[in-house]
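A quick write-up on the structure given underneath.
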Amino acid sequence: MSTPVLGAPSIAFGWQRGLAYASLSVPLAFVSLPLYVNLPFHYASVLGLPLSVLGAVMLAVRLFDAVVDPALGRVADALFRRGANTARWAAALGSAVLAVAFAALWRPPSSGVTAWLAAALLLCTVAYSGVSILHQSWGTRWGGGPALRTRVTGWREAGTLVGVLLASALPALAGWTATSLALAALLAAGLVGLSRLPATASPRPESHARSGPSPWRQATFRQLLAVFMLNGIASAIPATLLPFFIADRLQLPHWQAPLLLGYFGAAVLGLPLWVRAAARWGVSPAWRLGMMASVLAFAATPWLSAGDGAAFALVCLCSGLALGADLALPGALLTGVIHHGGAGGRDEGAYLGWWACAAKLNLALAAGLALPLLALAGYQSGGGNPAGLQALGWTYGGMPCLLKLLAAAALLRAERLNPNWKDRA
């Protein structure tokens with residue numbers, strides 16, 4: 001039986017509001033895929049930036065970006081306390097900065113490429129974080145029971161998958177200038193969608209507007225965040241190394257776009273299945289099942305070699321079906337943790353800031369550690385060193401499986417300590 005969330009607002013959340021809420025997820029996902037998948041490969045292979053330099057820059061920028069996320073979360077709470085319109089205007093400003101910085105990333109000057117990358121990437125990621133936290137806070141503030149929470153995160157992540165599908169194909173088909181223009185248009189459409197959502201904040205009396213205790217004082221949040229980070233690092237490593245694996249291990253560089261389309265297309269099909277799985281078995285058990293399905297789908301990857309495109313396509317389809325669990329279910333658990341802890345309608349941004357910080361740390365560790373370690377193992381982008389290619393295969397395919405298993409074990413332990421995580425949607 002579902003446990004109600006005390007004090008949570010009750011709203012009607014049909015498909016119209018679902019589309020409106022998902023509309024801003026589309027450009028946010030559209031920008032995230034190039035930043036974390038295409039950008040390292042572009043600067044290494046096209047612009048010739050050494051992997052050690054590239055890894056150091058991306059690690060430094062993402063670590064800084066992660067550090068400021070909790071502060072951005074507190075800013076989001078303050079904006080909502082001033083009213084929903086204030087939050088909307090802040091999202092518009094952040095979207096403008098994001099569009100300009102993203103375009104700059106793909107047009108570096110002939111000299112000073114490293115400094116340009118660092119500055120443009122920093123602006124892009126901080127703006128992305130600010131808008132994302134505002135957008136997630138909007139839906140998280142609705143609260144509700146498992147059914148509403150899962151629907152809200154499901155719609156948000158459905159928009160994410162649409163954005164990723166667009167980003168998988170458009171750069172290869174139209175180039176980075178057209179991709180940058182498309183991002184600006186999608187951000188504008190997303191802001192229109194945000195303007196049509198019901199206000200989730202109104203000025204509160206000062207006694208209710210003060211921030212509550214730090215999220216870190218809540219044991220359930222710490223437990224959930226630990227699982228989220230283990231699972232996130234497991235996902236971030238192959239996301240960072242995918243272009244290198246396809247180009248150098250499989251030697252099929254032109255397969256990247258269709259493989260990504262297949263992967264995220266399968267995720268679109270799988271997402272509603274995971275929402276139904278949460279309704280039948282509970283949110284946390286369904287997420288664990290998704291982790292195990294991902295391990296089974298990915299386990300054969302380290303043994304793939306040149307020309308194994310068909311086998312890898314099957315891996316992409318199966319792991320894509322499992323991806324929906326990672327997209328929809330952790331956010332539903334987080335909303336429950338926030339509202340059960342008494343922070344609903346007040347301190348969502350504080351929690352989401354640390355949540356975003358954890359996600360950035362996952363990506364920073366994947367790029368900042370995996371790339372230099374591969375360089376030490378003898379791997380170079382475009383090279384044919386057998387030892388380096390073997391290290392690439394095991395880093396891309398083996399390490400994520402191990403981390404997923406650890407995440408599933410940690411989730412099972414946390415689930416036993418928090419029976420309400422098994423509430424059915």
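The values are calculated or read from the model by the stated rules, or taken from the named source; none is laboratory data. These figures come from a predicted structure and were not determined experimentally. Counting neighbours? That spans all protein chains shown, and the Cβs are built from the backbone with ideal geometry, glycine included. Each accessible area value is taken on the protein alone, full model and side chains, heavy atoms only, with ligands, DNA and RNA left out. Shrake-Rupley method; radii C 1.70, N 1.55, O 1.52, S 1.80 Å.
Under unit Cβ charges (Lys, Arg +1; Asp, Glu -1), what dipole magnitude, rounded to 20 debye, does the chain have relative to its Cα centre? Before the final figure, lay out the partial values.
Numbers: 27 positive and 12 negative charges, 227 e Å.
Value, rounded to 20: 1080 debye.
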Select from L317, L47, L242 the residue whose mean-square fluctuation is largest in a Gaussian network model of the chain (Cα-Cα springs shorter than 10 Å).
-> L47
Under 5 Å, built H, 5+ apart or other chain: amide partners of G282 = A425
Listed by chain and number, the residues whose amide H is under 5 Å from that of N385, excluding neighbours fewer than 5 places away on the same chain and using placed H, are Q380
Sort 353-366, 382-395, 91-104 for me by packing, meaning the mean count of neighbouring Cβ atoms within 10 Å per residue, highest on top.
-> 353-366, 91-104, 382-395
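Hey, what did the chain get for relative contact order, percent, Cα under 8 Å, at least 6 apart? Numbers along the way, then the final one.
Values: 688 pairs, mean separation 131.5, N = 425.
Contact order relative to length: 31 percent.
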For the chain, with a Gaussian network of springs between Cα atoms less than 10 Å apart, report the residue from G112, G378, G48 with the top mean-square fluctuation.
-> G112
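Quick one: net charge around D326, please, counting Lys, Arg +1 and Asp, Glu -1 for every other residue with C-beta under 15 Å from its C-beta. Don't jump to the answer; show the numbers that get you there.
On the way: positive: R156, R288, K404; negative: E157.
Local net charge: +2.
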Lys/Arg +1, Asp/Glu -1 at C-beta; the chain dipole; positive extreme among H42, L352, L327 | L352
Span from the the range 107-183 Cα centroid across to the the range 208-258 one, whole angstrom | 14
Once Lys and Arg get +1 and Asp and Glu get -1 on their Cβ, which of L59, L187, W116 lies farthest toward the positive end of the dipole of the chain?
-> L187
Computed ³J(HN,Hα) along the range 255-266: with the Karplus parameters 6.51/-1.76/1.60, θ = phi - 60°, integer Hz and x for glycine or proline, the list is 7, 4, 4, x, 5, 5, 4, x, 4, 6, x, 5
Mind checking which of L161, L24, L49 has the largest fluctuation in a GNM of the chain, springs on alpha carbons under 10 Å?
-> L49
Relative contact order for the range 290-425, counting Cα pairs under 8 Å that sit 6 or more residues apart, in percent = 37
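Carbon and sulfur together cover what percent of the accessible area of the chain at a 1.4 Å probe radius?
Working: 11300 of 16750 Å².
The value for the chain is 67 percent carbon and sulfur by accessible area.
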Which whole-Hz ³J(HN,Hα) couplings does the range 321-333 yield from phi under the Karplus relation 6.51 cos²θ - 1.76 cosθ + 1.60, θ = phi - 60°, glycine and proline marked x?
-> 4, 6, 4, x, 5, 5, 7, 8, 8, x, x, 5, 5
Estimated vicinal HN-Hα couplings, Hz - the range 287-299 in sequence order (Karplus 6.51, -1.76, 1.60; Gly, Pro = x) = 5, 4, 4, x, 4, 5, 4, 5, 4, 4, 5, 9, 4
